[in-house]
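Following: one structure in structure tokens, then a few remarks.
The values are calculated or read from the model by the stated rules, or taken from the named source; none is laboratory data. Keep in mind that this is a model prediction, so the values were computed, not measured. Please note: Cβ atoms are built from the backbone with ideal geometry, for glycine as well, and neighbour counts cover all protein chains shown. Calculation scope for accessible area: heavy atoms of the full protein, side chains included, ligands and nucleic acids excluded. Shrake-Rupley method; radii C 1.70, N 1.55, O 1.52, S 1.80 Å.
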Amino acid sequence: MKKMNVALMRVSTDNQETLSQELAIENYCKQHNITIDKVIRSEGVSGFKVPLNEREDLNEIRNLAIEGKLDKLIVFNLDRIGRRLELVSFLNLLDECNVKIISVTEGELNSGEDSDFLINSIKLWVAQ
């Protein structure tokens, strides 16, 4: 079974758009020969106010990872996934499922370095 590469784009309000994120992700993927199999857009969803378990986009990604169907999650940057510290457990779950988390602006977020957990936690704490 071929695993999927998923791009996630999120904006907080209905007045914003995901086009700039989409273009940056497309450019990154072209440069790195990554094919996007699915795009998940989360529009009008606060990455701070809405808890992880209430976000349909993240629940879909979690399910794909647990089912072994997800290879890479590509985002513009970490705060597009969310702005809550509870997200650390979500990132750990993806890592345990061997899902590579790639930020266009920050690089691979779970590269296997001992410092990955600490750096991502600090970034989420600052974003929160």
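Descriptive notes on the structure:
- Top-ranked residue of region 1-46 - restricted to ones that are within 12 Å of the chain's Cα centre (by Cα) and open to solvent by 30 Å² or more (accessible area, probe 1.4 Å), ranked as nearest to ARG80 (Cα to Cα): ARG41
- Across region 101-128, the qualifying residues are those that are over 20 Å from SER12 (Cβ atoms) and charged (D, E, K, R), and the one among them that is most open to solvent (accessible area, probe 1.4 Å) is ASP114.
- In region 36-128, counting only strands (runs of 3 or more DSSP E) that sit wholly within it, the ones holding 1 or more residues that are at pLDDT below 90 span 38-43.
- Candidate set: region 74-100, residues that are in contact with a helix residue (DSSP H, G or I) (Cβ under 6 Å, 6 or more places away or on another chain) and either within 15 Å of ILE36 (Cβ to Cβ) or small (Gly, Ala, Ser) (or both); chosen: the one surrounded by the most Cβ atoms within 10 Å (Cβ to Cβ): VAL99
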